[in-house]
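For reference, the structure is listed below as C-alpha cells.
Any read-out appearing in this document is the output of simple, stated calculations on the displayed coordinates, not a laboratory observation. Given the structure is predicted, the values throughout are model-derived calculations rather than measurements. Glycine also receives a Cβ, built like all others from the backbone with ideal geometry; neighbour counts cover every protein chain displayed.
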Amino acid sequence: MKIDDFLRTRRTVHNFQPRPVPDHLVVEAIESARWAPNHKLTEPWEFVIIGKETAAAISERNAEMLRETKGEASAAHKLARWNSMPGWMLLMCRRVDDPFRQQEDYGACCCAAQNFMLSLWSAGVATKWGTGPVTQDPEFFRLVGVDPAERFTVGLFWYGYPAATPPSARGPLQAVFKRLD
C-alpha cells in the first residue's frame, strides 16, 4: 500500500478481537513514532506500555469516576469494555516552562501518535486514542508512575486486531483548502 492509502484507511476502532498483538509490532510502532518531527530535536515524548494489572487498576478508577457522574450501569458497561481491550499504550509529554516550546512539544507528540497508529495499521492492527477525564486524574498518574508536575498525558491508546473497521468520510476538500497569491 502507498502511504496515502494508510492515511486514508486508518480508522478509530472501538471493538477489537480478543487476540493479543505481538510485542515486536508495538515496539516497532514506538520506534517509528519517535521519528516524528520535533522542533530542535527535543524528543519530548515518553511511551509507556501498560500491562494487564495496571490496565485493570486504571479501568477500575475510570469506573469509580463514572459511578459518581453517570451511575452504576454506565460504570459497569465501561469497566467491562475497558477490561476487554487487548493492548494499552500511554503517551506522555515532558512539561517545560516556555509556553511556545510546550505547544511545539505537544504538536510533536501528536505527530508521534500518528506515526504509532499508522505503523500499527500497516501491520493490520487498529487503535483508539483516548483522552478522557481519568487520564488527568491524580490516581491515574500514581498508577502509571508518572509525576504530573513533570509530564502530562497526550493520550491513552488501545490497540488490537479490529473486530470491524468502521467507515469514514470527509467533507469536500474545497471546504478546508484555499490558495493565496
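Details
- In this label model, His14 and Val27 are separated by 3.5 nm, measuring between points 7 Å along each Cα→Cβ vector.
- Summing charges over all other residues whose Cβ lies under 11 Å from the Cβ of Thr127, with Lys and Arg as +1 and Asp and Glu as -1, gives +3.
- Qualifying trypsin sites (Lys or Arg not before Pro) in segment 79-181, where qualification requires a DSSP coil assignment and no more than 12 other C-beta atoms within 10 Å, comprise Arg170, Lys178, Arg179.
- Here's the list of aspartates and glutamates a cross-link from Lys40 could span, going by alpha-carbon distance under 12 Å and ignoring same-chain residues fewer than 8 apart: Glu104, Asp105.
- Potential extension, Gln114-Gln102 segment - 0.36 nm per residue separation minus Cα distance: 2.5 nm
- Backbone phi angles across segment 2-18, fed through the Karplus curve with coefficients 6.51, -1.76 and 1.60 (θ = phi - 60°), yield HN-Hα couplings of 7, 4, 4, 5, 5, 4, 8, 9, 5, 10, 6, 10, 9, 10, 10, 5, x Hz in residue order; Gly and Pro are listed as x.
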